[in-house]
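S.K.: The structure is given below, and queries will be raised subsequently.
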Amino acid sequence: MKYIIKQATIVDHLSSHDGKKKDILINNGTIEKIADKITDKADQEIAIPGLHVSPGWIDMQANFRDPGHEYKENLASGIAAAAKGGFTGVCLQSSTDPALDNKSQVEYLKKTSAHLSVHIYPIGAITHAREGKEMAELFDMNQAGAVAFSDDKRFVENPKLMELALNYTKNFDGLIIHFADTPALSSKGMMHEGETSVFLGMKGIPSMAEEQGLSRDLYLVEYTGGRIHYNLLSTAGAVGLIKEAKKKKLLVTAGVAAHQLYFTDEVLKGFESVHKVNPPYRSQKDADALAAGLKDKIIDVICSDHSPEDVENKNLEFDYARNGIINIQTAFPVANTVLRKKISLSELIQKFSGNPRGILGLPTATIEEGMTAEMTFFDPESTFIFTKEENVSNSANSPFFGVELTGKVHGIFCKGNAVIN
Amino acid sequence: MEQKEEQLSTRHLLGIKGLKKSDLELILRTAENFKEIINRPIKKVPSLRDVTVANMFFENSTRTRLSFELAEKRLSADIVNFSASGSSVSKGETLIDTANNILAMKVDIIVMRHSAPGAAVFLAGQLKNYPKSAHAQIINAGDGTHEHPTQALLDAFSIREKLGSLEGKKVVIVGDIMHSRVALSNIFSLQMLGAEVMVCGPTTLIPKYVSSLGLKVEHNLRKALEWCDVANMLRIQLERQSLKYFPTLREYSMQYGLDKKLLDSLSKKIVVMHPGPINRGVEITSDVADSEHSIILDQVENGVAVRMAILYLLAGKS
């Protein structure tokens, strides 16, 4: 199959065509030619005004609820949403039911997604059943294709166990992805502890809960020389801790969920459970610190933290509602809306593509002749309103329905095929 | 009644937060009339005839529920009661389903107590989406640690009755501020009506960011009492604390218990309130509870009048 992409601005800091408007010819999944004008005959021509193209984006934190809760999301529906959101690769967290904690679970995801349009990168659990008691078979999962290890949003409380996991994964250059928390400080908390939580009479989750957990980890990382990544920073203090750790040359990288940049705790004043997320929306000062952290290269990655929930689990009194929003279709537009005036487009795209690829050890997907074509089509300037009709997830827990966002995703090219929105 | 043309700015009573100062004043004025009525030999008026009220109590309550029931009965409303300990998906029916079922039987007003903060706001927001339930009006009778607006209104009524006005009066709320919906609603209503508010209690029971509400914080009870005109002594609610926030009740009352000796040693006479039920000997001693300083039983009496006023005014908005 031959594709021609017409007059696309290439956003790829590793490509010799970076920043230029080109035609791109893809033949059988390989970039055959990049030139000012290509007149070859093609099976499909992709010509969209304002089109930009970058190496395919990778989402480092998503849940597709498969296996276990396929009515909320399954691999097919999650992948369809990912493609619409511009992701050519998605890391799936271990909090499936049962937990993704062994080789056969990893293989199930790899096999079931093999014929689908987006790459799936399983994240195996650090501990059996994500219980925080004993290490799971990390090496075996690594061999089967797990790209990292995480107990998703459960903090490994036992510091000895965490030390062992960091040390053990060094054998095969494994990556631990951790959720910084101190359960004794955050448990039963419903929202960020601050002026708004006092105003609403709700139990707060202090920023200190995240920062204390993160501090502890950093001692263990320094001690073991292990490699760790945080997908979901939420506090200004945590950004400061990562900055210090990077200064010390610890093997630490960090990310932020796109919506964490967009909302603050003030949005909870109506007790709307669609805004119940973990980590919670924090203060404007924290959101600003996260944006500054992205600019200063302290935060490397922006993820979706896609967390599908059905009405029965979400449309409840705030206390009883589950955490999370669907965001894989909107992660880029949301981040772009907040950040476009704060960081360059090239830097923003690296948070979605180059950096996650580097952290996970995936191919760079550079846009050069001879490379395998894996790319995302988008337009950072055009605005749109996200609607329920456009949502392809099995769930509908999005706070962005009816919201105008800047930065439209037009689709992806992955596994030899174009998926155009 | 003569103020029939005056109306509340809201269809529901979800919290003090959603009210305007004029709403508070209207409720208090209306309650004065009802207080006069319930002191007549024939206490019952036909204002809410053919209005059906459901008292949905998802959390235990004796006095608030009794007070609402009496208010409803004295307005000639028809009443149904529903109580369940705890409501969540784990217990089966959701709050929306429960409410829709009750409302399908032609109920007009729901009085709800619930353990989850914001539950009344949530319910009012949801019912709009159901044609058979959209007419319903919600009165929040306490939602977790969020608000207890009728308690705050009856407290304001009682202070006003005793001191004439709230403007410029100094009110200290003593005790567990962190877990108290009474404290939060009182803070909002007292400030709206022009009073100055202080909170006083052990450092562990005062939220870290509480001063953002524009009030004073004091940890020494004697100093707080010397400052105030009115002391509202909150009930210590051990059932709301997952971990003990102070070592023992004995130690709490050593620091924050109000006894007659302390009261008499103050340089001025203050008014003592308590939302009940009293832990005698913990927050206040018996001789204080039963002293001339105390308006605790006035609060209870006024509770019925204030709730009648709220029901009456809301029904007029339907």
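S.K.: Condition check: closer than 16 Å to A:C414 by Cβ, not assigned by TED's automatic domain parsing to the domain that holds A:V147 and not in a loop (DSSP other than H, G, I, E, B). Does A:I31 satisfy that? Write out each step before concluding.
M.R.: Numbers: closer than 16 Å to A:C414 by Cβ: yes; not assigned by TED's automatic domain parsing to the domain that holds A:V147: yes; not in a loop (DSSP other than H, G, I, E, B): yes.
It is true that A:I31 is closer than 16 Å to A:C414 by Cβ, not assigned by TED's automatic domain parsing to the domain that holds A:V147 and not in a loop (DSSP other than H, G, I, E, B).
S.K.: Scan region A:240-255 for residues that are open to solvent by 10 Å² or more (accessible area, probe 1.4 Å) and over 17 Å from the mean Cα position of the chain (by Cα) and jot them down.
M.R.: The answer is A:G240, A:L241, A:K243, A:E244, A:K246, A:K247, A:K248, A:K249, A:L250, A:L251.
S.K.: Would you pick out the residues in region B:194-215 that are surrounded by fewer than 22 Cβ atoms within 10 Å (Cβ to Cβ) and closer than 16 Å to B:D155 by Cα?
M.R.: Within region B:194-215, B:G194, B:E196, B:M198 qualify.
Every residue, every condition in (1) more than 14 Å from every other protein chain (Cβ to nearest Cβ); (2) free of Cβ contacts under 8 Å to residues at least 60 places away in the same chain, yes or no:
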{"site": "B:V121", "(1), (2)": "no, no"}
{"site": "B:K132", "(1), (2)": "yes, yes"}
{"site": "B:Q137", "(1), (2)": "yes, no"}
{"site": "B:G142", "(1), (2)": "no, no"}
{"site": "B:Q151", "(1), (2)": "no, no"}
{"site": "B:G164", "(1), (2)": "yes, yes"}
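Condition check ((1) within 14 Å of chain B (Cβ to nearest Cβ); (2) in contact with a Leu (Cβ under 9 Å, 6 or more places away or on another chain); (3) under 21 Å from B:G144 (Cβ atoms); (4) small (G, A, S)) across all residues:
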site	(1), (2), (3), (4)
A:G189	yes, no, yes, yes
A:G204	yes, no, yes, yes
A:E211	no, yes, no, no
A:Y223	no, yes, no, no
A:V252	no, yes, no, no
A:H259	no, no, no, no
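S.K.: While we're on this one: For region A:357-371, does any single residue satisfy the condition of being touching a Pro at 6+ places or on another chain (Cβ under 9 Å), surrounded by fewer than 16 Cβ atoms within 10 Å (Cβ to Cβ), touching a residue at least 60 places away in the same chain (Cβ under 8 Å) and outside any loop (DSSP other than H, G, I, E, B)?
M.R.: Within region A:357-371, none of the residues are touching a Pro at 6+ places or on another chain (Cβ under 9 Å), surrounded by fewer than 16 Cβ atoms within 10 Å (Cβ to Cβ), touching a residue at least 60 places away in the same chain (Cβ under 8 Å) and outside any loop (DSSP other than H, G, I, E, B).
S.K.: Please go through region B:240-268 and give me each residue that is open to solvent by 70 Å² or more (accessible area, probe 1.4 Å) and within 14 Å of chain A (Cβ to nearest Cβ), ordered by number.
M.R.: B:S242, B:L243, listed by residue number.
S.K.: Here's a follow-up. Looking at region B:93-169, what helices (runs of 4 or more DSSP H) fall wholly within it and have at least 1 residues that are touching a strand residue (DSSP E or B) at 6+ places or on another chain (Cβ under 7 Å) and under 22 Å from B:T30 (Cα atoms)?
M.R.: Here the list reads B:149-163.
S.K.: Being in a loop (DSSP other than H, G, I, E, B), away from every other protein chain (no Cβ under 14 Å) and buried (at least 24 other Cβ atoms within 10 Å of the Cβ) is the filter here; which residues of region A:291-323 pass it?
M.R.: A:I298, A:I299, A:D300, A:S304, A:D305, A:S307, A:P308
S.K.: Could I ask something else about it? So which residues in region A:268-290 are assigned to a helix (DSSP H, G or I) and open to solvent by 40 Å² or more (accessible area, probe 1.4 Å), if there are any at all?
M.R.: Selection gives A:K269, A:Q284, A:K285, A:D288.
S.K.: Please go through region B:269-307 and give me each residue that is of a type in the set (D, E, K, R), in a loop (DSSP other than H, G, I, E, B) and surrounded by fewer than 20 Cβ atoms within 10 Å (Cβ to Cβ), ordered by number.
M.R.: Matches in region B:269-307: B:K269, B:D290, B:E292.
The values are calculated or read from the model by the stated rules, or taken from the named source; none is laboratory data. Remember, it's a predicted structure, so these values are computed and weren't measured experimentally. Quick reminder, even Gly has a Cβ in these numbers, built from the backbone with ideal geometry, and neighbours come from all protein chains shown. All accessible areas refer to the heavy atoms of the entire protein, side chains included, with ligands and DNA or RNA removed. Shrake-Rupley method; radii C 1.70, N 1.55, O 1.52, S 1.80 Å.
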